[in-house]
1. Name the single residue that is farthest from Leu135 (Cα to Cα) among those in the range 34-77 being outside any strand (DSSP E or B) and among the basic types (Lys, Arg).
2. Could you say which residue among Arg80, Arg126, Arg94 is of a type in the set (D, E, K, R), within 23 Å of Asn28 (Cβ to Cβ) and touching a Ser or Thr at 6+ places or on another chain (Cβ under 7 Å)?
3. Give me a count of the residues in the range 1-19 that are over 14 Å from Asp121 (Cα atoms) and buried (at least 16 other Cβ atoms within 10 Å of the Cβ).
4. Which of the residues that make up the range 95-119 are over 16 Å from Lys18 (Cα atoms), surrounded by fewer than 20 Cβ atoms within 10 Å (Cβ to Cβ), out of contact with any Lys or Arg (no Cβ under 8 Å at 6 or more places or on another chain) and among the charged types (D, E, K, R)?
5. Suppose the filter is within 16 Å of the chain's Cα centre (by Cα), surrounded by fewer than 19 Cβ atoms within 10 Å (Cβ to Cβ) and in contact (Cβ under 8 Å) with a residue 40 or more places away in the chain; does Asp91 pass it?
6. Which numbered condition in (1) closer than 24 Å to His107 by Cα; (2) within 13 Å of the chain's Cα centre (by Cα); (3) surrounded by fewer than 17 Cβ atoms within 10 Å (Cβ to Cβ) is the only one that Asp46 fails?
7. Residues that are part of a strand (DSSP E or B), out of contact with any Pro (no Cβ under 7 Å at 6 or more places or on another chain), of a type outside the set (Ser, Thr, Tyr) and within 20 Å of Tyr39 (Cβ to Cβ): does the range 101-115 have at least one?
Amino acid sequence: MESDLHSDDEIKEILKLKKVAVIGMSKNTSKAAHYVPRYLSENGFDIIPVNPSSDEILGKKCYDSVSKIESDIDIVDIFRPSDEVLPFVKDAIRKRPKVIWLQEGIHNLEAEELARNAGIDVVFNRCMLAEHQRLC
């Protein structure tokens, strides 16, 4: 699977943004959808879990959807299968984040184009943990 065309410098700039809503965040500590946001939280990011089946993860209130989060969001980080991404991106666009980040292995052209047309930068098929460790 291809990756987006962001340069290392562009990814470094994105990683300076600290308020991150994590769609599909998991309570299961062995899943990337748990240990990636935990790592980010431990490294200065303000993580907001989005998981309708949990009330709290990592001691933080869970939200049913990104659009229900009261505060502004810099990045929406998505841990969902590629074919399930579109409705989450549509919901996220309402919050006007600066970036939608589709984790490693996730790529959805329709959702990405929709976000870009709304003026939102899109990163796809990249892991925030791996990119942070590599570049920061």
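The values are calculated or read from the model by the stated rules, or taken from the named source; none is laboratory data. Every value quoted in this text rests on a predicted model; they were computed, and no experiment measured them. Please note: Cβ atoms are built from the backbone with ideal geometry, for glycine as well, and neighbour counts cover all protein chains shown.
1. We begin by selecting, within the range 34-77, every residue outside any strand (DSSP E or B); these are 34-45, 51-55, 58-59, 62, 64-74.
Restricting the remaining residues to those that are among the basic types (Lys, Arg) gives 38, 68.
Numbers: Arg38: 18, Lys68: 32 Å.
For the range 34-77, the residue satisfying everything is Lys68.
2. Arg126
3. Total satisfying the criteria: 1.
4. Glu110, Glu113, Arg116
5. no
6. (1)
7. Yes.
Residue-by-condition table, conditions (1) on the phi < 0 side of the Ramachandran plot; (2) of a type in the set (Lys, Arg); (3) exposed (fewer than 15 other Cβ atoms within 10 Å of the Cβ):
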| position | (1), (2), (3) |
| --- | --- |
| Met25 | yes, no, no |
| Pro37 | yes, no, no |
| Glu42 | yes, no, yes |
| Pro52 | yes, no, yes |
| Glu56 | yes, no, yes |
| Lys60 | yes, yes, no |
